[in-house]
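All remarks here apply to the structure that follows.
The values are calculated or read from the model by the stated rules, or taken from the named source; none is laboratory data. Here the structure is a predicted model, which means the values were calculated and not measured. All Cβ positions, glycine included, derive from the backbone under ideal geometry; neighbour counts span all protein chains shown. Heavy atoms of the whole protein, side chains included, go into the accessibility calculation; ligands, DNA and RNA do not. Shrake-Rupley method; radii C 1.70, N 1.55, O 1.52, S 1.80 Å.
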Amino acid sequence: MPPLKELAKRPERLTSGHRLCAGCGAPIAIRLILAAADKPVVAANATGCLEVSTTIFPYTAWNIPWIHSAFENAAATITGVETMYRAKKKRGEIDEDIYFVAFGGDGGTYDIGLQSLSGAWERGHRFVYVCYNNEAYMNTGIQRSSATPLGAWTTTSPVGKVLPGKTQWRKNLTEIAVAHDIPYVAQSVPSNWRDLTLKAEKAFHTEGPAFLNVLASCNRGWRHLPADTLKVNQLAVDCCIWPLYEVENGEYRLTYKPREKKPVEEWLKVQGRFQHLFSPAYRYLIDEFQAYVDREWERLLEKCGETKK
Amino acid sequence: MAKVVGFNGNAAVAYAMKQINPDVVAAYPITPQTDCVERFAEYVSEGLVDSEFITVESEHSAMSACIGAAAAGGRVMTATAANGLALMWEMLYIAASMRLPIVMMVTNRALSGNINIHCDHADTMGARDAGWIHLFSENAQEAYDNTIQAIKIAEDLGVRLPIMVTQDGFIISHAVERVEILEDEEVKNFIGAYKGRYPLLDLNNPVTYGPIDLFDYYFEHKRSQIEAIDNCLPVIERVGKEFGELSGRNYELLEGYRLEDAEYAVVALGSTCGTAREAIDSLREKGKKVGLLKMRCFRPFPRESVIEALSPLKGIAVLDRSVSFGGFGGPLFTEVRSALYDAPSRPSIINFFYGLGGRDIYPEDIEKALEKTEEVVKAGKIEQHIDYLGLRE
């Protein structure tokens, strides 16, 4: 990877002037990822915040060829583009090397877009799929998705007299990607720019499907100050709620190990969406949350060969 | 001398696809289209085409991949039927709105429920407002010919819209018929080379496809789309004529059979037109002045040609192989009747539903429909606008 000074000089592929909220984690992640591409990029986007806020007709914030068609099909769409590229290359009508990337939120990836993504992985197209994961349907106003953590308040998992917010744990999409046996899978976060850039570079260099699951906070939905986005993202990593790791050709590697594993409470307490968990009635959910995170973390350490024998 | 082969409708279209040799095909198998996709897969496997074939996991992804591939700037084809077309529904509108010249073969099949694999037109009629051109085929020959013409029509700079070429499921798709085929070179020269407009793969001129388009522009974009599809009719006519010069088989927007001096006629789509010819010949032998209007092009609806063909008649039986639940008549009836409102003279029109879920239609059914129409005209009053053929009541 080139030094940061060099990366900063690369052309801006997603320009300023887009209308994503102040404090949104998505554009930070997307710009870092696109800066890691050392060749031209063509992008597809699922319906979602990133799409609507960057392309309000007649404006566009994209300096690269970009396509959005619908919500559940960013993977299928980019594989169509990538396949046409291969067809044209085979016929000698194009000779540049191009990277293909699809962006989707967690709604478009974990939920409605999972079928098309799974199909694209199985077919083995060369493309990078980036899930900018803000743990709910933020574009439509904070509804729960299968990426929403246990106990979170959302508008479709509201906190009421009988329900404590979301009652299910989140789906582990990163492991679902690994189960497809694709050559590169990684979890990252924009608060660790180096980790994200390195993984994005690896993803672009992968000869086949690559998947980046990037936790990118939504301050409107998570209920924290816009200026705290990166801090809140990093806390998820330091509490081992969002471990940074990669799986390259089936080999697990932990790419960041917190010096001190912080209790999940530290992450929960800085977000309005979890405030009700601190009332005596729902305190037990924090314990469940911690137990779940501990178990997942131990499993991951084992897979990464980090467990002390 | 044209080469003659025995092909069912699926084989005829697969063979046309082989000769067209598109850049990308993305398709998902569904009865009764499967045979077409299987045959194309064989052409790919044998190296007889150099198309890239994307074996998607659903029809939704098939159309999504076609959209991505067409926006990338090349020639794209697919095929589907029934529920598969329904699963594409969202993407059909998007393909048309992006002005992508995708060509899709549809074997017409009844839509669930209950599940049924046989022919009716519920599938493509459900997609009639999606902005696609719809060409119906009477037999395997027409399915083959329409597929080749569709490429040229869709890619015409004045059109640039997706087309579905339909054939009746099983009735055409699985029945082996005599089909005259063109030489590969003839097809290649007829369709010419294709260069997509505003391709995603043009790195020097990056484009944004599919932005969010709100109340300040969306309406104007729809207005231009209305104009685009309305402007297709002369192109479809021109390509039909050019194809006639090449093959000896001329194509028009619609085709009349024994209409010149007719007083009564049936209007129909697809394979039923073949059945109707039998009925008409038999009634003509009995001295009845009857004819057929075959609708080849259903979208855009060739209003003026329909008026010209039908206005002089006394009575018309419109045969619909699909229902518009709760509507006044089936889709074909509604269109024909609406077109004739401004006609210099207006024939009486009766709508006959028939053949849902693959129920056979016989020449006697069509004779009955024409006879009923004549009775109504002679009585001077329509008691029942909507009737059924071949139904147990």
Filter pass, residue A:101 being modelled with pLDDT of 95 or more and more than 18 Å from the chain's Cα centre (by Cα): no
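Does residue B:319 satisfy being under 22 Å from residue B:272 (Cα atoms) and touching an Asp or Glu at 6+ places or on another chain (Cβ under 8 Å)?
Details: under 22 Å from residue B:272 (Cα atoms): yes; touching an Asp or Glu at 6+ places or on another chain (Cβ under 8 Å): no.
Taking the combined requirement at face value, the residue does not satisfy it.
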Helices (runs of 4 or more DSSP H) fully within the range A:1-94 counting 3 or more residues that are at pLDDT 95 or above and more than 7 Å from every other protein chain (Cβ to nearest Cβ): A:25-35, A:49-54, A:74-90
Single residue of the range A:76-113 satisfying the filter (touching a residue at least 60 places away in the same chain (Cβ under 8 Å) and hydrophobic (A, V, I, L, M, F, W, C)) that is nearest to residue B:47 (Cα to Cα): A:101
Residue A:130 vs. criteria β-branched (Val, Ile, Thr) and within 11 Å of chain B (Cβ to nearest Cβ): no
Any hit, the range B:220-230, residues being modelled with pLDDT of 95 or more, in a helix (DSSP H, G or I) and closer than 30 Å to residue B:2 by Cα: no
Which listed residue is outside the structural domain of residue B:371 (by TED's automatic domain parsing), exposed (fewer than 14 other Cβ atoms within 10 Å of the Cβ), of a type outside the set (Val, Ile, Thr) and over 20 Å from the mean Cα position of the chain (by Cα), from B:261, B:216: B:216
Qualifying residue in the range A:246-260 (condition: surrounded by 17 or more Cβ atoms within 10 Å (Cβ to Cβ) and basic (Lys, Arg)): no
Of residues in the range A:28-54 being open to solvent by 30 Å² or more (accessible area, probe 1.4 Å) and charged (D, E, K, R), the one farthest from residue A:228 (Cα to Cα): A:39
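Does residue B:251 fit the bill of being over 20 Å from the mean Cα position of the chain (by Cα) and not in a helix (DSSP H, G or I)? Break it down stepwise before answering.
On the way: over 20 Å from the mean Cα position of the chain (by Cα): no; not in a helix (DSSP H, G or I): yes.
Against the criterion (over 20 Å from the mean Cα position of the chain (by Cα) and not in a helix (DSSP H, G or I)), residue B:251 does not qualify.
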Of all residues making up the range B:364-393, the number that are assigned to a helix (DSSP H, G or I), of a type in the set (A, V, I, L, M) and either open to solvent by less than 50 Å² (accessible area, probe 1.4 Å) or at pLDDT below 95 (or both): 5
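Residues that are surrounded by fewer than 22 Cβ atoms within 10 Å (Cβ to Cβ) and at pLDDT 95 or above: list the strands (runs of 3 or more DSSP E) wholly contained in the range B:1-110 that include at least 3 such residues. Please lay out each step first, then the result.
Details: elements: B:3-7, B:24-27, B:52-55, B:76-80, B:103-108.
Correct list: B:3-7.
Do we have residue B:188 as away from chain A (no Cβ under 14 Å) and of a type in the set (Lys, Arg) here?
On the way: away from chain A (no Cβ under 14 Å): no; of a type in the set (Lys, Arg): yes.
Considered against the rule, which asks whether it is away from chain A (no Cβ under 14 Å) and of a type in the set (Lys, Arg), residue B:188 comes out as no.
Which is within 14 Å of chain A (Cβ to nearest Cβ) and either closer than 25 Å to residue B:309 by Cβ or open to solvent by 10 Å² or more (accessible area, probe 1.4 Å) (or both), of B:234, B:206? Full working, then the answer.
On the way: B:234 fails: within 14 Å of chain A (Cβ to nearest Cβ).
None of the other options fit; the residue is B:206.
Given the structure, is residue B:24 within 13 Å of another protein chain (Cβ to nearest Cβ), touching a residue at least 12 places away in the same chain (Cβ under 8 Å) and not small (Gly, Ala, Ser)?
Values: within 13 Å of another protein chain (Cβ to nearest Cβ): yes; touching a residue at least 12 places away in the same chain (Cβ under 8 Å): yes; not small (Gly, Ala, Ser): yes.
When the stated conditions are applied, residue B:24 passes them.
Could you tell me how many of the residues in the range B:17-57 are of a type in the set (A, V, I, L, M, F, W, C) and under 11 Å from residue B:79 (Cβ atoms)?
Filtering the range B:17-57 down to residues of a type in the set (A, V, I, L, M, F, W, C) leaves B:17, B:20, B:24-27, B:30, B:36-37, B:40-41, B:44, B:48-49, B:53-54, B:56.
If we keep only those that are under 11 Å from residue B:79 (Cβ atoms) too, we end up with B:17, B:25-27, B:30, B:36-37, B:40.
Residues in the range B:17-57 being of a type in the set (A, V, I, L, M, F, W, C) and under 11 Å from residue B:79 (Cβ atoms): 8 in total.
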Qualifying residue in the range B:12-24 (condition: small (Gly, Ala, Ser), touching a strand residue (DSSP E or B) at 6+ places or on another chain (Cβ under 6 Å) and closer than 21 Å to residue B:142 by Cα): yes
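Name the residue, out of A:108, A:141, that is out of contact with any helix residue (DSSP H, G or I) (no Cβ under 7 Å at 6 or more places or on another chain) and either within 28 Å of residue A:217 (Cβ to Cβ) or more than 11 Å from chain B (Cβ to nearest Cβ) (or both). Show your work before the answer.
Values: A:108 fails: out of contact with any helix residue (DSSP H, G or I) (no Cβ under 7 Å at 6 or more places or on another chain).
Matching residue, one of A:108, A:141: A:141.
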In the range A:229-238, the residues that are in contact with a helix residue (DSSP H, G or I) (Cβ under 7 Å, 6 or more places away or on another chain) and touching a residue at least 60 places away in the same chain (Cβ under 8 Å): A:229, A:233
Every pair of residues 6+ apart whose Cβ atoms lie under 6 Å, when the first sits in the range A:124-138 and is free of Cβ contacts under 8 Å to residues at least 40 places away in the same chain while the second is of a type outside the set (Phe, Trp, Tyr) and assigned to a strand (DSSP E or B): A:137/A:143
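Every residue, every condition in (1) touching a residue at least 12 places away in the same chain (Cβ under 8 Å); (2) out of contact with any Cys (no Cβ under 9 Å at 6 or more places or on another chain); (3) open to solvent by less than 10 Å² (accessible area, probe 1.4 Å); (4) in a loop (DSSP other than H, G, I, E, B), yes or no:
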site: B:145; (1), (2), (3), (4): yes, yes, yes, no
site: B:153; (1), (2), (3), (4): yes, no, yes, no
site: B:160; (1), (2), (3), (4): yes, yes, no, yes
site: B:165; (1), (2), (3), (4): yes, yes, yes, no
site: B:171; (1), (2), (3), (4): yes, no, no, yes
site: B:174; (1), (2), (3), (4): yes, yes, no, yes
site: B:189; (1), (2), (3), (4): no, yes, no, no
